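Have a look at the structure below before the remarks.
We did not get these values from a lab; they are worked out from the coordinates using the rules stated. As the structure is a prediction and not an experimental result, all values here were calculated from the model. Every residue, glycine as well, gets a Cβ built from its backbone with ideal geometry; the counts of neighbours run over all protein chains shown.
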Amino acid sequence: MRLEMRGIQKRFGATVALGGVDLNVAGGEVLALVGENGAGKSTLMKVLAGAHQPDAGTMTLDGQPYRPRGPHDARLAGVAMIYQELALAPHLTVAENIWLGMEPARREQRPRAAAALAQLGHPEISPDIRVAALPIARQQIVEIARAVAIGCRVLVLDEPTSSLTGADIEHLFTLIRRLRADGHAIIYISHFLEEVKTIADRFTVLRDGQSVGTGNVAGTSSGEIIAMMVGRQVAELYPRSPRSPGEVVLTINGLELRRGEVIGIAGLVGSGRTELLRSVKTDWRRTGFVCEDRQLEGLALELSIADNTTLPRLPAFVRPQTLESATSRWVERMQIKCRNPRQPVGSLSGGNQQKVALARMLHADVDVLLLDEPTRGIDVGSKAEIYRLIDELAVAGKAVLLVSSYLPELLGICDRIAVMCRGKLGPARPVAELNEQIIMAEAIC
Amino acid sequence: MLKKLGPILGLVFVVLLFTALRPGKFATADNFEIMLLQTAVVGTGALGMTIVIISGGIDLSVGSVVALTTVVIALLLNLGWPPVLATLGGVGAGMICGGLIGTLITRLKLAPFIVTLGMWGALRGTAKGLASEQMVVPPGSWLNRLLNTLAPEQRWLLVPPGVWLMLGLAVAVFAFLRYTRRGRHVFAIGSNELTARLCGVPVERTKLIVYMLGSGFAALAGVLQFSYLTVGDPTTAAGMELDIIAAVVIGGGSLAGGAGSVAGSLVGALIMTVVANGCTKLEFPNWVQEIVTGGIIIVAVTLDRWRQRRAE
């Protein structure tokens, strides 16, 4: 075994983040680490990367005891992390970024950086270019090169595809396979079970700070993995009650939105889907908007759940208690996990944050819901609840427009889907006439 | 709860400290009255600054607005205006400055730091120009007595009228921030401007109002400063903007926006007065006092961050 973690425990005050986790990964193997948000994946990886000291448990790296005192220690030992949010200094060059914090002799930096990039099959990335000038997918390769350049033995990728699309994801997978062939041990964290099935050899499931299962990807169905993640059977990931489309409430670029109908818009990132949604004037009396980036744009993280929920529809004079009791109803109805409506939104998990963004639209009592990637980066359990809610709202007579890059979800919950390609919106067709192949073919037109 | 109590505990601590260090001299009714008087100007300015800082902005021009207001009031009194109108004129001048600042920030999309840094110089220059670079000495009026220690027959007032003015304004700002839609919008903009925009908050209009209020309260601080000086002085209150910002920050305001409280800012202003006054009572030279005050700003904010991190 390249890396063995045994009985890792970590508590923060009264909260037990990790209650005895075991994890093994061998060289030349991709291990998928899956679990809902808050299951302890990040904490476990921070222990591995030396950012947290475990309260109990042992770690060995190639049979040697491994106790990093800090992230720098971990890097020197050959444990490299690639976080969801890329950790590069945009104003520095590729070579400077690769050697940041390690800094070998100045004249070695360029050639060794170039060698690392070549090893990854990307000799075309110049070590002298500023990182800000590279697209996201290339920046990620620079991060991986940073890991390879210091001779990493264990590489951790945390949700690496969350900011990538189609072709770039394929490139990344090719790269991961190449690293695996070179004998690296790779830990791959993802919410997307399809990805896990494609790229990983084995998986380990975390739930509530415990490792609850591990096995070979080949012999396990997605349903079994989901059941381990949520600790129960998810009856139906994509509920779809009988709905009857009513009057047209909004027309966007010839696309008619009707009450009681869920319309999907598929297409690649950059095809103009978001711009299409933004072109609709949201006045919050009729149309509400949930945007793709919760942290950056969607929510005021320091403010309370009540403040965020009631923001579009505040009375001229505000009684905090009234807002809180109104919010409590949504908290209950949408099963937002929180202590009380005064809790800051930033302290909630991603799935619960997104439910607050949805609660805001319900509180504003809009007719049209515009949802831009509403389930991005949230766990399966919360996704299922959001799908259920979308279904309920459609049945209750709301018009829903859903933009998503995730085709199974579009096909699962929409009534009709239109494909967007290079700024042009195709006709909306019933899902019964569509499948993933047809949509992809139209999206890459 | 601890978050709210932090600055008050700090205030209690410094008061007890100086009481212990200088028994019988520091903790007297007269000295407490004097400390309240000394806090009134910065405290009033800090009310407006609290709104500005919660909105995620900053206003470096408030010291210059204070000076400009004293000059405008003195000039209007010299023109024969009654004190009430002269005061309104001074406050009006301040709010016009705020309107200009808000317009520049929202129309030119400039950083508040830059705009108000520019106005810090420009308004100071305007004050000097209006006053012909001299003190403007107006005829005496009741305006001069807002910040006098109370005569025996006025004891029923408990504290001087200028202090009551500050406290009354504090209640108004507290109510504005907590109980009005506009006040909640200020928090939303400070916490995440994009979210506020997404939710249909009129960001530009709200910011304009925020800076008008910021300068308006600076002008009201200028009224109190005039009362204290009894003349219009274009060079007064140099550097006061930093005392005012420090008061807000010690009181829990976050320069990143979205956080701050009226009570906290007043307590922050009081902490700074108590330290200055206590140091004087201990007969420390001025430079010691400056070092202590500077240290307190850093310690207070460090403690605040530390508490917030523990709360999470």
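Ordering of B:159-168, B:182-191, A:245-254 by packing is B:182-191, B:159-168, A:245-254, highest average first (other Cβ atoms within 10 Å, averaged per residue). A straight chain from residue A:92 to residue A:9 at 0.36 nm per residue would run longer than the Cα-Cα distance by 26.1 nm.
Pull out the extension gain between residue A:56 and residue A:106, defined as 0.36 nm times the separation in residues minus the alpha carbon to alpha carbon distance; nm, one decimal.
Going from the current span to full extension adds 13.9 nm.
When DSSP beta bridges are restricted to pairs lying wholly in the protein assembly as shown, around 50% turn out antiparallel. For chain B, the alpha-carbon radius of gyration amounts to 0.99 times the rule-of-thumb value 2.2 N^0.38 Å expected for a compact globular protein.
Where only DSSP H runs of four or more residues are counted, the protein assembly as shown gives -16000 deg cm²/dmol as its mean residue ellipticity at 222 nm, each run worth -39500 (n - 2.57).
Peptide B:197-203 has a mean of 6 when you count, residue by residue, the C-beta atoms of other protein chains within 10 Å of its C-beta.
For the range A:3-230, the convex hull spanned by the alpha carbon atoms encloses 119 Å³ per residue.
A Förster radius of 30 Å combined with the Cβ-Cβ distance from residue A:444 to residue A:396 puts the calculated FRET efficiency at roughly 0.25.
Partner shielding of B:184-192 amounts to 6, given as the average count of beta-carbon atoms from other chains within 10 Å of each residue beta-carbon. Over chain B, Cα pairs under 8 Å with separation of 6+ residues give a relative contact order of 36 percent.
Listed peptides A:366-373, A:97-104 appear in the order A:366-373, A:97-104 once ranked by packing, highest mean of other Cβ atoms within 10 Å at the front.
Here's the list of lysines a cross-link from residue A:398 could span, going by alpha-carbon distance under 29 Å and ignoring same-chain residues fewer than 8 apart: A:281, A:337, A:355, A:383, A:424.
Overall, the anisotropy analysis places the range B:20-117 in the oblate class: the square-rooted eigenvalues a ≥ b ≥ c of its C-alpha gyration tensor yield a/c not less than 1.5, with a/b not exceeding b/c. What share of the DSSP beta bridges in the range A:3-230 is antiparallel, in percent to the nearest 5? Among the beta bridges of the range A:3-230, antiparallel pairing accounts for roughly 55 percent. Each of B:25, A:355 has some number of other Cβ atoms within 10 Å of its Cβ, and from fewest to most they run B:25, A:355.
Only beta bridges with both residues in chain A are counted; by DSSP, about 45 percent of them are antiparallel. Database remark: amide H of residue A:84 closer than 5 angstrom to the amide H of A:158 (H placed geometrically; neighbours at sequence offset of 5 or more, or on other chains; Pro and chain starts carry no H).
Membrane-span-like helices of chain B, defined as complete DSSP H segments with a Cα extent of 20 Å or more along the helix axis and a mean Kyte hydropathy of at least 0.5, are identified as B:2-21, B:29-54, B:62-78, B:83-107, B:112-130, B:161-179, B:203-229, B:262-281. Were the residues from residue A:227 through residue A:181 laid out at 0.36 nm apart, the gain over their Cα-Cα distance would be 13.4 nm. As an equivalent ellipsoid, the protein assembly as shown spans semi-axes of 55, 33, 25 angstrom, where each value is the square root of five times an eigenvalue of the C-alpha gyration tensor, largest first. The ranking of B:242, A:389 from fewest to most other beta carbons within 10 Å of each one's beta carbon is B:242, A:389.
Fewest neighbouring Cβ atoms within 10 Å first, the residues A:211, A:244 line up as A:244, A:211. Placing +1 on the Cβ of every Lys and Arg and -1 on the Cβ of every Asp and Glu, with nothing else charged, gives the protein assembly as shown a dipole about its Cα centre of roughly 820 debye. For the range A:293-323, list residues with backbone N below 17 Å from a point placed 7 Å from the Cα of residue B:263 toward its Cβ? Under cut-off, by backbone N: A:320-321. In nm, give the distance between the simple-model label positions of residue B:179 and residue B:25, each being 7 Å from the Cα along the Cα-to-Cβ direction. With each label point 7 Å from Cα toward Cβ, the separation is 4.5 nm.
Over chain A, calculate the relative contact order: mean separation of alpha carbon pairs under 8 Å at least 6 apart, over the residue count, as a percent. Don't skip to the end; give the middle numbers.
On the way: 867 pairs, mean separation 75.6, N = 445.
The normalised contact order for chain A reaches 17 percent.
For the range B:106-153, the spherically averaged projection of the C-alpha convex hull amounts to 6.4 nm².
Note on A:299-306: average number of Cβ atoms from other chains within 10 Å of each residue's Cβ is 5. Using a Förster distance of 35 angstrom, determine the FRET efficiency expected from the C-beta separation of residue B:284 and residue B:135, and round it to 0.05. After rounding, the FRET efficiency stands at 0.70.
Assuming charge only on the beta carbon of Lys and Arg (+1) and of Asp and Glu (-1), the dipole of the range A:1-93 about its Cα centre is about 240 debye to the nearest 20.
Basic side chains Lys and Arg get +1 at the Cβ, acidic Asp and Glu get -1 at the Cβ, and with that the dipole of chain B about its Cα centre reaches some 980 debye.
Only lysine pairs 8 or more places apart, or on different chains, with alpha-carbon atoms under 28 angstrom apart are counted in chain B, and they number 4.
Summary of packing: across the peptides B:60-69, B:28-37, A:46-55, the per-residue average of other C-beta atoms within 10 Å ranks them, highest first, as B:60-69, A:46-55, B:28-37.
The calculated FRET efficiency for residue B:303 paired with residue B:110, based on their beta-carbon distance and R0 = 51 Å, is about 0.95.
Any chance you could tell me what percent of the C-alpha pair distances in chain A go past 33 Å? When every Cα pair of chain A is considered, 41 percent fall beyond 33 Å. A simple spin-label model places pseudo-atoms 7 Å from Cα toward Cβ; at residue A:118 and residue A:83 they are separated by 3.3 nm. Oblate is the label for the range B:91-178, because the ratio a/c of its alpha-carbon gyration tensor axes (a ≥ b ≥ c) is 1.5 or higher and a/b is not greater than b/c. Simple spin-label estimate for residue A:22 and residue A:329 gives 5.1 nm between the two label positions (7 Å along the Cα-to-Cβ direction from each Cα). Give the shape of the range A:248-443 as rounded, prolate or oblate, defined through the alpha-carbon gyration tensor: a ≥ b ≥ c are the square roots of its eigenvalues, a/c under 1.5 means rounded, and otherwise the shape is prolate if a/b is larger than b/c and oblate if not. Prolate, because a/c is 1.5 or more and a/b exceeds b/c.
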